[in-house]
Amino acid sequence: MIFQGKAIQVKQLEDGIAELCFDLEGESVNKFNELTLKELKQCVETLSSKDDIKGLIVSSGKDVFIVGADIMEFSTMFTAPEEIIVEAICGFNDIFNGVEDLPFPTVCEINGIALGGGLEMGLACDYRVMSSTANIGLPEVKLGINPGYGGTVRMPRLIGIDNAVEWVCTGNNFKAPAALAAGTVDAVVEPDQLRAATLDLLKDVIAGKFDYQARREEKKSPVKLNDMERMMAFITCKAVVAGQAGPNMPAPITAVKSMEKNAGLSRDEAIKVEAKYFARLAKTSVSEALVGLFLNEQDLSKRGKAYAKQANEVGTAAVLGAGIMGGGIAYQSASKGIPIHMKDIADAGLQQGMGEAAKLLSKRVDRGRMSSQKMAGVLNSIHATLDYNRFDEVDFVVEAVVENPKVKKAVLAECEGKISDKAILASNTSTISITSLAEDLKRPENFCGMHFFNPVHKMPLVEVIRGEKSSDAAIATTVNYARRIGKTPIVVNDCPGFYVNRVLFPYFAGFDMLIRDGADYQQVDRVMEKFGWPMGPAYLLDVVGIDTAKHAADVMAEGFPDRMKPDYKGPSEVMFEVDRYGQKNGKGFYLYQEDKKGRPQKVVDPETDKLLAQVAGASTSFSDEEIIARMMVPMCIEVVRCLEEGIVDSACDADMGLIMGLGFPLFRGGPLRYMDSLGAAAFCEMASKYQDLGKLYQPTEKLLQMAKDNGRFFN
């Protein structure tokens, strides 16, 4: 054994070949934490001094290669001044440069996932052999930063500027065929042939069949293009990347600028450029938000796995109520390998539900993501039925009938009598109290809420709602079923609107009051889309359905009359009264016309202004800042109320719920992280300007205390 550490081992193989194996003690994956980097530096120093080694294999002792840097450790460095970050990044790169400069050839054996620093480790080696089942990529831009271990330097020298820009600036993972085609790896083999192929390649290099020194020199030299060629390549790339990334995500375009500036330099000078751009991005609020989002995702995943240990096994599921929603749930379950019964009271409903599932599956076939045979198998695992035949075999039932408490109660009670005593029953309701729906059930402990968002196949969030009598097993099983069918669940406690809808309607109330006070609805939409929302409030109301929004608003008004029961007539009510329901019937705040692909496209309707004149005051000019404040303050305060009342368990759940359920701007990290970025004191000062608009704009006592104490929701 040449080196034995807690993260890396180096041992001698045959014929003068050594193996450096990453195998981080106590972890299921390898990652670049402080320990791993320290040991890698020691390994490089040891290997550089040995004269009996002819070549080195770099491998992993785990199912993955290296998943990247330990973001928990890495992100703490971001609080340091820029010059300290630059110094640290350059220090890390000295280690990777040391690997690249070893006095013998190196071949990296990529057996599984190699992301970020994991791939950059591979790039520091002379050659890379990849398993056909592995995935590799540089996802740093999704954290608001750039690669920091030489990715922007080695990639363009290895695979060319255009390919490097695609790999670095999209942050995507790439499968083996794409990696081989780009030139990121030198060979792809089946997993059982990986070690043999890696050894064969290294032996060929040692024998002089391949010139590793020439390969190494290419990576250490400027990009082989003249000044004009480089300029033209980067002009085109910057235009494309800027258009795709948009104005709120600076990392992709910064990565292009980093590559452009370092392309004409030697490796060591180019690394310094990369480090400076990395440090600049690490200090941005966008990076802080996106790193926080990543950590939130890790936290949710960890808690989801904990629920799985308490969950009942779900082998077969059922959905009550077909149609678009039921068909979407059936598709989601069946496509993830859980057979499902889909029950309705009419053939027409079943046909619509099966049609929805078939349509979604056909799209996957058309895009090459599923074979026709696989599609047939998934459809066959959806059992459409008009009765409860075989419902005694199911483990989990989702009720998805019309949003009417009397109908739901009747259906739930009927179904409870047809299923086993151990089966879990869940209601897909967006507004109706779970505790209320459980009143007539014999086994209320086996019942909870499971709120899917529409369209089911696109929206990642599921709210799992705990009623007063819902058991831990019911919650755990529902959470686990949601995870198994590809959704991200958050557990919330019962209240009107639960969490997402409860905090959405203060946002809509802010819109209503702006229109009442003379704002232009199109300007409000434009400003909030510029803020980062995927669509403005008027457009969102049209997509949700103004009739649906009217029903939910009535529920909120009854549940929270002190702040959500308006004393004025709002624009949504005007639209509702004249049957303008939005996209579903082609007219709402906007008109909707189908494009060539059959998708609804909004068109401004002059009639809207005439209708809004019934409730709007004299036209008033509002600044963008005023519009943002009047829209965001009530939503954020309601989020704080939900956190204080225990409707959501944590700030993580609060932020992730709105990001996944409503499309809250990713680069802002969520409503609570957005408030942290402003500062509690600044937020409360902003809210104080609009206190005369009512309780929706009045911070809670705890929030006011946070402002005095400079408190934060996230540390």
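The values are calculated or read from the model by the stated rules, or taken from the named source; none is laboratory data. For clarity, every value in this text was computed on a predicted model and none was experimentally measured. Every residue, glycine among them, receives a Cβ derived from its backbone with ideal geometry; neighbour counts consider all protein chains shown.
Things to note:
- In segment 191-220, the residues that are not assigned by TED's automatic domain parsing to the domain that holds ASN135 form no Cβ pair under 9 Å with any partner that is hydroxyl-bearing (Ser, Thr, Tyr) and in a helix (DSSP H, G or I), whether six or more places apart or across chains.
- Restricting ASN226, ASN248 to those that are touching a Phe, Trp or Tyr at 6+ places or on another chain (Cβ under 7 Å), in the same structural domain as GLU260 (by TED's automatic domain parsing) and on the phi < 0 side of the Ramachandran plot reduces the list to ASN248.
- Taking the criterion of being charged (D, E, K, R) and surrounded by fewer than 24 Cβ atoms within 10 Å (Cβ to Cβ), the only residue of segment 114-156 that qualifies is LYS142.
This table checks each residue for (1) of a type in the set (Lys, Arg); (2) in contact (Cβ under 8 Å) with a residue 40 or more places away in the chain; (3) over 24 Å from VAL291 (Cβ atoms); (4) in contact with a Lys or Arg (Cβ under 9 Å, 6 or more places away or on another chain).
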| position | (1), (2), (3), (4) |
| --- | --- |
| GLY122 | no, yes, no, yes |
| ARG128 | yes, yes, yes, no |
| ILE136 | no, yes, no, yes |
| VAL141 | no, yes, no, no |
| ILE145 | no, yes, no, no |
| VAL153 | no, yes, no, yes |
| TRP167 | no, no, no, no |
| LYS175 | yes, yes, yes, no |
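- Taking the criterion of being modelled with pLDDT of 95 or more, out of contact with any helix residue (DSSP H, G or I) (no Cβ under 9 Å at 6 or more places or on another chain) and among the acidic types (Asp, Glu), the only residue of segment 48-102 that qualifies is ASP63.
- Only one entry of ALA654, ALA682 meets the criterion of being without any contact (Cβ under 8 Å) to a residue 24 or more places away in the chain and of a type outside the set (Val, Ile, Thr), and that entry is ALA682.
- So THR477, is it among the polar types (S, T, N, Q), in contact (Cβ under 8 Å) with a residue 60 or more places away in the chain and surrounded by 24 or more Cβ atoms within 10 Å (Cβ to Cβ): yes
- Flag for VAL44 being in the same structural domain as VAL129 (by TED's automatic domain parsing), aliphatic (A, V, I, L, M) and either modelled with pLDDT under 95 or in a helix (DSSP H, G or I) (or both): yes
- Residue check for LEU290: in a helix (DSSP H, G or I), of a type outside the set (Phe, Trp, Tyr) and assigned by TED's automatic domain parsing to the domain that holds MET450: no
- Residues within segment 666-679 that are in contact (Cβ under 8 Å) with a residue 40 or more places away in the chain and either surrounded by fewer than 18 Cβ atoms within 10 Å (Cβ to Cβ) or assigned to a helix (DSSP H, G or I) (or both), tallied: 8
- Sole exception among (1) out of contact with any helix residue (DSSP H, G or I) (no Cβ under 7 Å at 6 or more places or on another chain); (2) in the same structural domain as ILE546 (by TED's automatic domain parsing); (3) of a type outside the set (Phe, Trp, Tyr) for MET513, by number: (1)
- Residue count for segment 1-34 satisfying the condition of being closer than 20 Å to ILE89 by Cα and in contact with a strand residue (DSSP E or B) (Cβ under 9 Å, 6 or more places away or on another chain): 4.
- Of the strands (runs of 3 or more DSSP E) entirely within segment 378-448, those holding at least 1 residues that are assigned by TED's automatic domain parsing to the domain that holds ASN480 and within 21 Å of ASN312 (Cα to Cα) occupy 396-399, 424-427.
- Failed condition for PHE508, given (1) at pLDDT below 95; (2) in contact with a Ser or Thr (Cβ under 9 Å, 6 or more places away or on another chain): (1)
- Output for segment 6-20, where each listed residue is closer than 18 Å to LYS50 by Cα and surrounded by 17 or more Cβ atoms within 10 Å (Cβ to Cβ): ILE8, GLN9, VAL10, ILE17, ALA18, GLU19, LEU20
- Selection of first residues in segment 686-715 that are assigned by TED's automatic domain parsing to the domain that holds MET513 and of second residues that are of a type in the set (Lys, Arg) and surrounded by 13 or more Cβ atoms within 10 Å (Cβ to Cβ), restricted to Cβ pairs under 6 Å at least 6 apart or on distinct chains, gives the following pairs, ordered by first then second residue: LYS695/ARG563; LEU696/ARG563.
- ASP520 assigned by TED's automatic domain parsing to the domain that holds TYR674, buried (at least 20 other Cβ atoms within 10 Å of the Cβ) and touching a helix residue (DSSP H, G or I) at 6+ places or on another chain (Cβ under 9 Å): no
- Of all the numbered requirements in (1) without any contact (Cβ under 8 Å) to a residue 60 or more places away in the chain; (2) farther than 23 Å from ILE338 by Cβ; (3) part of a strand (DSSP E or B), ILE465 misses one, and that requirement is (2).
- Scanning segment 205-218 for residues being over 43 Å from the mean Cα position of the chain (by Cα) and surrounded by fewer than 17 Cβ atoms within 10 Å (Cβ to Cβ) gives a total of 3.
- So LEU265, is it crowded, with 16+ Cβ neighbours inside 10 Å, part of a loop (DSSP other than H, G, I, E, B), at pLDDT 90 or above and over 22 Å from the mean Cα position of the chain (by Cα): yes
- When residues in segment 506-538 are screened for being assigned to a helix (DSSP H, G or I) and in contact (Cβ under 8 Å) with a residue 60 or more places away in the chain, 20 of them pass.
- Any hit, segment 331-353, residues being touching a Lys or Arg at 6+ places or on another chain (Cβ under 9 Å), charged (D, E, K, R) and under 30 Å from ASN248 (Cα atoms): no
- Of all the residues in segment 74-128, those that are under 18 Å from VAL44 (Cβ atoms) and either among the aliphatic types (A, V, I, L, M) or touching a Gly at 6+ places or on another chain (Cβ under 8 Å) (or both) number 20.
- Filter result (within 9 Å of THR477 (Cα to Cα) and under 26 Å from the mean Cα position of the chain (by Cα)) within segment 299-313: TYR307, ALA308, GLN310, ALA311
- Those residues of segment 89-120 which are part of a helix (DSSP H, G or I) and closer than 20 Å to LEU295 by Cβ, in sequence order: GLY117, GLY118
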